[in-house]
Amino acid sequence: MGARNSPAILLGLRIRQRHNPFSFQSNQSQSCIFLRMPFPSLYDIYQGLRGVNPTTITNDDVPGTDLVGKWIIITGSNNGVGFESAKSFAAWGANLILACREPPTWERHPTAAVQEIKEVAQAHGHQSTIEWWSIDMADLQSVEAFAQRWLQSDRALDILCNNAGVAAPPPQHYWTKDGFQFVHQVNFLSHVLLTLHLLPSIARSAQPRIVCTTSCIHHIASLDLEHFDCGPGMIGEPYKNNKLWFQMWVAEMQSRFLKHPEYLHITINGVHPGFVASGIWSALEHHGILDWAHGLLLRYWAIDSKQGSFGITNAATNPVFGPNPETQGVGSVGGRGGGKYINRIWEAVPKAHCDDPKARAGVWKKLDEELHLQDKGLLAVLGL
């Protein structure tokens, strides 16, 4: 969550001049230069800090619902908020696929996670299907193989939780085997690819939901689409910027769902689960005043993984964050629909870029350039 790679954030002084990729003026003015301050505005800092909210949430706030017979896939569900969310879903009767990689030795193994979650389900009187299916978000071939395995099961997918993520690359693995910056692929690209592959199955559910773990930190990120690959020269830092692009993609996905009858009933939202003291921060180097401050926040201010999981389970089950019956044709009265940014369990204001159709279209096109989505037939309905 720190800004180790951005001297501009530390100094707050550097100003760059760049061509505006979202300038849609006449040819004579398209080469206009504008100033971009990498340091976030006070308003954005305020909105970001609202995510560091340790308010205790209880089961009364997120009572859950009957999920018997429903199918849920959760990436990154052997630890942290994903694991705690899976336990709650199991208690409510859901069938679960834990989509996890073969983890390092210090993490709970997915087989152990499956056993613990099965015990929760059984304790609540459910005989649900709960399985671990291997997926490595740092390997696009693994992501596509997972998606094909699910599609071949011929089941409708009721809830997809795009939760897996890392705060920083592991040592010696700044780039993935696919040639992408590690955080960029694991936190964002692979979830986009997985979601688009699974859309035919998701669309078969009556009121499906997609829950994406974004972050309050997207408020202090930079929209630097010239360095969408997170390569040298990028303004900002990969973790922050990818959370911004993820939240923008969520808004763009919902806007496109609403234009196509076959996807009209699907609801997608981005959720900041809270400032959670979980294993995601283990890869961070602890040096400098920002990391020192981050360590203090983790120790004295952060919430635990159970508290963080309420954000995911609430977005997946609360009728308020389900489909809007007026615009989607399904759902409960009071449903607000998708494309939202949810701060823990409360709807909040996203960064302005998320409400900018031209900026979102820029992210959409960059994703196609990197993942070749159109060539794979994954944009046949949603379009480029």
Quiz item: Could you say whether any residue in region 293-309 is open to solvent by 50 Å² or more (accessible area, probe 1.4 Å), at pLDDT below 95 and either touching a Leu at 6+ places or on another chain (Cβ under 7 Å) or of a type in the set (A, V, I, L, M) (or both)?
Solution: yes
Practice problem: Can you tell me which residue among Leu378, Leu373, Leu384 is open to solvent by 30 Å² or more (accessible area, probe 1.4 Å) and closer than 17 Å to Leu199 by Cα? | Solution: Leu384
Quiz item: How many of the residues making up region 222-236 are under 14 Å from Pro40 (Cβ atoms) and open to solvent by 10 Å² or more (accessible area, probe 1.4 Å)?
Solution: 3
Practice problem: Quick one: count up the residues across region 84-138 that are polar (S, T, N, Q), modelled with pLDDT of 95 or more and under 26 Å from Pro171 (Cα atoms). | Solution: 2
Quiz item: Which one of Asn78, Asn59 is open to solvent by 90 Å² or more (accessible area, probe 1.4 Å), modelled with pLDDT of 90 or more and assigned to a loop (DSSP other than H, G, I, E, B)?
Solution: Asn59
Exercise. Scan region 261-273 and give yes if some residue there is of a type in the set (D, E, K, R) and modelled with pLDDT under 95, otherwise no.
Key: no
Quiz item: Which members of region 93-103 meet the condition of being open to solvent by less than 60 Å² (accessible area, probe 1.4 Å) and either more than 15 Å from Ile74 (Cα to Cα) or in a loop (DSSP other than H, G, I, E, B) (or both)?
Solution: Gly93, Ala94, Pro103
Exercise. Inspect all residues belonging to region 40-55 and state whether any of them is out of contact with any strand residue (DSSP E or B) (no Cβ under 8 Å at 6 or more places or on another chain), modelled with pLDDT under 90 and buried (at least 16 other Cβ atoms within 10 Å of the Cβ).
Key: yes
Quiz item: Are any residues in region 339-368 in a helix (DSSP H, G or I), without any contact (Cβ under 8 Å) to a residue 60 or more places away in the chain and open to solvent by 50 Å² or more (accessible area, probe 1.4 Å), and if so, which ones?
Solution: Ala352, Lys365
Quiz prompt | Gly331, sole failed condition from (1) modelled with pLDDT under 95; (2) open to solvent by 20 Å² or more (accessible area, probe 1.4 Å) | solution = (1)
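The values are calculated or read from the model by the stated rules, or taken from the named source; none is laboratory data. Model, not experiment: these values are computed from the prediction. Heads up, the Cβs are rebuilt from the backbone with ideal geometry, glycines too, and the neighbour counts pull from every protein chain shown. Surface accessibility is based on the protein's heavy atoms, side chains included, excluding ligands, DNA and RNA. Shrake-Rupley method; radii C 1.70, N 1.55, O 1.52, S 1.80 Å.
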